[in-house]
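**Q** Quick one: structure below, then a few questions.
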Amino acid sequence: MNIQYVTDDKGNPIAVQIPLDQWEIIKAELDSWDGEVETTEIISDSNLLDSIRKGREQARRKIGRRIDEIEVC
């Protein structure tokens, strides 16, 4: 992907530009996502909520593995 970063006058990145064809792919994926349904599913799953809370607490206390050490299936 041909990504271009827009920076402020101090060189800090403030925006990202991507080619339109790549944006169309991302947009199509986002259009099919229903956040309200997903949120309702998460809220109704007490085990998942407990896992999220535990993960948030571990992150706050800096316990556990770094994200790049976690295998994603």
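The values are calculated or read from the model by the stated rules, or taken from the named source; none is laboratory data. Since we're looking at a predicted model, the values are computed, not measured. Positions of Cβ are generated from backbone atoms using ideal geometry, with glycine treated the same way; all protein chains shown enter the neighbour counts.
**Q** Residue 72 versus (1) assigned to a helix (DSSP H, G or I); (2) at pLDDT below 90: which is the lone unmet condition?
**A** In the conditions (1) assigned to a helix (DSSP H, G or I); (2) at pLDDT below 90, residue 72 misses (1) alone.
**Q** Could I ask something else about it? Among the residues of the stretch 33-48, which ones are hydrophobic (A, V, I, L, M, F, W, C), at pLDDT below 80 and part of a helix (DSSP H, G or I)?
**A** Scanning the stretch 33-48 gives a single hit, 37.
**Q** Report every pair of residues separated by at least 6 positions or lying on different chains whose Cβ atoms are under 6 Å apart, first residue within the stretch 1-25 and in contact (Cβ under 8 Å) with a residue 12 or more places away in the chain, second assigned to a loop (DSSP other than H, G, I, E, B) and surrounded by 10 or more Cβ atoms within 10 Å (Cβ to Cβ).
**A** 2/19; 3/18
**Q** Same structure again: Name the one entry in 41, 29, 57 that is exposed (fewer than 10 other Cβ atoms within 10 Å of the Cβ) and of a type outside the set (A, V, I, L, M).
**A** So the residue among 41, 29, 57 that is exposed (fewer than 10 other Cβ atoms within 10 Å of the Cβ) and of a type outside the set (A, V, I, L, M) is 29.
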